[in-house]
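**Student:** Below is one structure. I have some questions about it.
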Amino acid sequence: MNSATTTSSTAPASGHQRSSTDRRGILFIISAPSGTGKTTLCKQLAANLPGLWHSISYTTRKPRPGEEQGRDYYFVEEQTFQEMVARNDFVEWAHVYGHLYGTPWKSLTEKIDQGIDVLLEIDVQGAMQIKKRFEDSVSIFILPPSMTVLKSRLQIRASDTPEEIQRRLHKVKEEVWSYREYAYIVRNEDLALSLRDLESIFWSERLKTKRLNMTWLESNFILDDEQKTGDHKDLP
């Protein structure tokens, strides 16, 4: 089996200034074995939820049938990818099944600073690296109904050789052990139900007290007019 190696990047020296928004954007991380249906679910989430941006990764693999440049991935040559690595353009990058994948720093951090939530679809290794750099991120692991169903889905997809399918199935057993590192687990047996569960996670995270802009809350509900302006009346 091909081994996958993940390499993290240090944050760029010139940080992005946080804009004035009600809150920072939330980084949602979704991982799942190949053939689980995560890409379909992620696209539907991005279409259904306002204020959510689906991050697009770079890869050196060739597009699969139906995939488009700039929509599913940025498909680049290995030399271009390595040049981006040298420029520290990636928050993380990985070598998976003979191809390189990378998550860009710039677009991800800009969206978060603008108060826009980001959906990052990434493998387990990359997710562990991202979580170290974005401690407030929300991680979700999607499981297939069973290994039998997953094998059938991979065979129907017909984008991999039988040998590749076996490698992927073996890899699933390794990845599933990482479930403890994720805040949520969703079993994708029925697409509509799984989408409903995922949307519930997104909405509830947006409403958590710790994500509120406390300055806005205090100004609107706690401080009186004198305290807001700093013109306090003398106490009797």
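**Student:** Would a scan of segment 83-95 turn up a residue that is assigned to a helix (DSSP H, G or I), touching a residue at least 12 places away in the same chain (Cβ under 8 Å) and farther than 30 Å from Leu193 by Cα?
**Tutor:** yes
**Student:** Looking only at segment 133-159, count how many residues are without any contact (Cβ under 8 Å) to a residue 40 or more places away in the chain, not in a helix (DSSP H, G or I) and not aliphatic (A, V, I, L, M).
**Tutor:** Going through segment 133-159 one residue at a time, the tally reaches 2.
**Student:** Kindly indicate which of Ser34, Ser107 is part of a loop (DSSP other than H, G, I, E, B), among the hydroxyl-bearing types (Ser, Thr, Tyr) and on the phi < 0 side of the Ramachandran plot. Can you show your working first?
**Tutor:** Values: Ser107 fails: part of a loop (DSSP other than H, G, I, E, B).
Exactly one of Ser34, Ser107 is part of a loop (DSSP other than H, G, I, E, B), among the hydroxyl-bearing types (Ser, Thr, Tyr) and on the phi < 0 side of the Ramachandran plot, namely Ser34.
**Student:** A further question follows. So, in segment 60-100, exactly how many residues are out of contact with any Gly (no Cβ under 7 Å at 6 or more places or on another chain) and closer than 18 Å to Ser137 by Cβ?
**Tutor:** Going through segment 60-100 one residue at a time, the tally reaches 1.
**Student:** All but one of (1) of a type outside the set (A, V, I, L, M, F, W, C); (2) modelled with pLDDT of 90 or more; (3) within 30 Å of Pro162 (Cα to Cα) hold for Gly37; which doesn't?
**Tutor:** (2)
**Student:** Quick one: in segment 169-215, of everything that is aliphatic (A, V, I, L, M) and not in a helix (DSSP H, G or I), which residue is nearest to Gln129 (Cα to Cα)?
**Tutor:** Ala183
**Student:** Among the residues of segment 154-175, write down those that are crowded, with 16+ Cβ neighbours inside 10 Å and either in contact with a Pro (Cβ under 8 Å, 6 or more places away or on another chain) or of a type in the set (Gly, Ala, Ser) (or both).
**Tutor:** Result: Arg168, Lys171, Val172, Glu175.
**Student:** Suppose the filter is closer than 30 Å to Asn213 by Cβ, part of a helix (DSSP H, G or I) and of a type outside the set (Phe, Trp, Tyr); does Ile130 pass it? Quick ask: steps written out before the conclusion?
**Tutor:** Working: closer than 30 Å to Asn213 by Cβ: yes; part of a helix (DSSP H, G or I): yes; of a type outside the set (Phe, Trp, Tyr): yes.
So Ile130 passes the test.
**Student:** Residue under question is Thr80, and the condition is that it be among the hydroxyl-bearing types (Ser, Thr, Tyr), farther than 19 Å from Leu41 by Cα and crowded, with 16+ Cβ neighbours inside 10 Å; does it hold?
**Tutor:** It is false that Thr80 is among the hydroxyl-bearing types (Ser, Thr, Tyr), farther than 19 Å from Leu41 by Cα and crowded, with 16+ Cβ neighbours inside 10 Å.
The values are calculated or read from the model by the stated rules, or taken from the named source; none is laboratory data. Please read all numbers here as calculations on a predicted model, not as lab measurements. Positions of Cβ are backbone-derived with ideal geometry, glycine not excepted, and every protein chain shown enters the neighbour counts.
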